[in-house]
1. Could you give the radius of gyration (one decimal) and Dmax (whole number) of the Cα atoms in the chain, in Å?
2. Between LYS210 and LYS128, what is the FRET efficiency for a Förster distance of 45 Å, r being their Cβ-Cβ separation, to the nearest 0.05?
3. Longer than 18 Å from Cα to Cα, which of LYS127/LYS243; LYS4/LYS188; LYS73/LYS188; LYS4/LYS243 are they? Say none if no pair is.
4. Projecting each Cα onto the charge dipole of the chain (Lys/Arg +1, Asp/Glu -1 at the beta carbon, about the Cα centre), which of ALA241, THR71, ILE150 comes out farthest on the positive side?
5. At a 10 Å Cβ-Cβ cut-off, how would you order MET205, MET30, fewest neighbours first?
6. With helices defined as uninterrupted DSSP H runs, which ones in the chain have an alpha carbon span along their own long axis of at least 18 Å and mean Kyte-Doolittle hydropathy of at least -0.5?
7. Quick one: LYS107, LYS75, LYS127, LYS210, fewest Cβ neighbours within 10 Å first, how do they rank?
8. Taking the simple approach of a point 7 Å from Cα along Cα-to-Cβ for both TYR179 and ILE51, what is their distance in nm?
Amino acid sequence: MKQKQVSSSFLLALAALIWGTAFVAQSVGMDFVGPFTFNSVRFILGGIVLIPVIYLFHRKDSSNREKEKETPKDKKTLLVGGICCGCVLAVGSSLQQFGILHTSVGKAGFITALYIIIVPILGLFLKKKVRFMVWVSVMIATIGMYLISITEGFTIGIGDLFVFLCAIAFSVHILFIDYFSPLIDGIKLSCIQFFVAGILCGLPMIIFEKPQISGILSAAVPILYTGIVSSGVAYTLQIVAQKNVNHVVASLIMSMESVFAALSGWIILGESLSSRELTGCVLVFAAIILAQVPVFKKAAVGV
């Protein structure tokens, strides 16, 4: 069992590495195409990639147990869940793409990871209790965000604001996933949400960006990486690995994507953070860890 936990933790860390480096691909891809074009193409590609994954998982499940028929209610729940998740994903990813145009990959990674703190805060509206340490984390993260985003003239960078709004949208997305995933097949849900998000991003793409095939081909490598590797491969790794790892430990490992984003931005793009911004990133990451530690200790007892 412990060996499974170790190998699964490694797979989750690999997924975090993929997601972290995807920030670089997102930044590079927009040198050739607009944000809506980039998202539309990569999400549709991600949906296509998951189709054979769904087939393989379905075939494996069918060989282990008697095939269960999906009821009309299950199909309706799957469709509604896919549409809800796809709509929020389209909004969040578009905000993130616009944000990356105006801020560094490193800062974008840390600000996006704030969803780990925002989720329990949004849970208040669902009458869920928020632990004291989460409130402490919010205070620390607020200080970190101030150092990262607020300039000496007390103005917030527009790119950082877009990414922060993206973190809120992704938090809503997580709550949707949390609600629908126990009811339906997670990979099918993801596949539908990718197609929905791709179509929704495709509408403003046609209206505002009018993409050229040459531009899409020039951005082929970043689009293929985010579509196939970041969406298809990393999501499948998460699905497979999370079965053997406590959900709190899993979220802690996956939050490392913010660190990988900063490192990849520095190594690949040559981006650098000022001492003030670096201090802010450290505080935000510390807040993310702190928000999980008490639950982690409690969960570790039952592991």
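Just so you know, all these numbers are worked out from the coordinates, no wet-lab data involved. Keep in mind it's a predicted model, so treat the numbers as computed, not measured. Cβ atoms come from the backbone with ideal geometry, glycine included; neighbour counts cover every protein chain shown.
1. Reported Rg and Dmax, both Å: 19.2, 65.
2. 0.50
3. LYS127/LYS243; LYS4/LYS188
4. Positive-most Cα among the choices belongs to THR71.
5. MET30, MET205
6. Once both thresholds are applied, what remains is 2-29, 35-64, 72-102, 132-149, 158-180, 186-204, 275-301.
7. Neighbour counts put them in this order, fewest first: LYS127, LYS210, LYS75, LYS107.
8. 3.0
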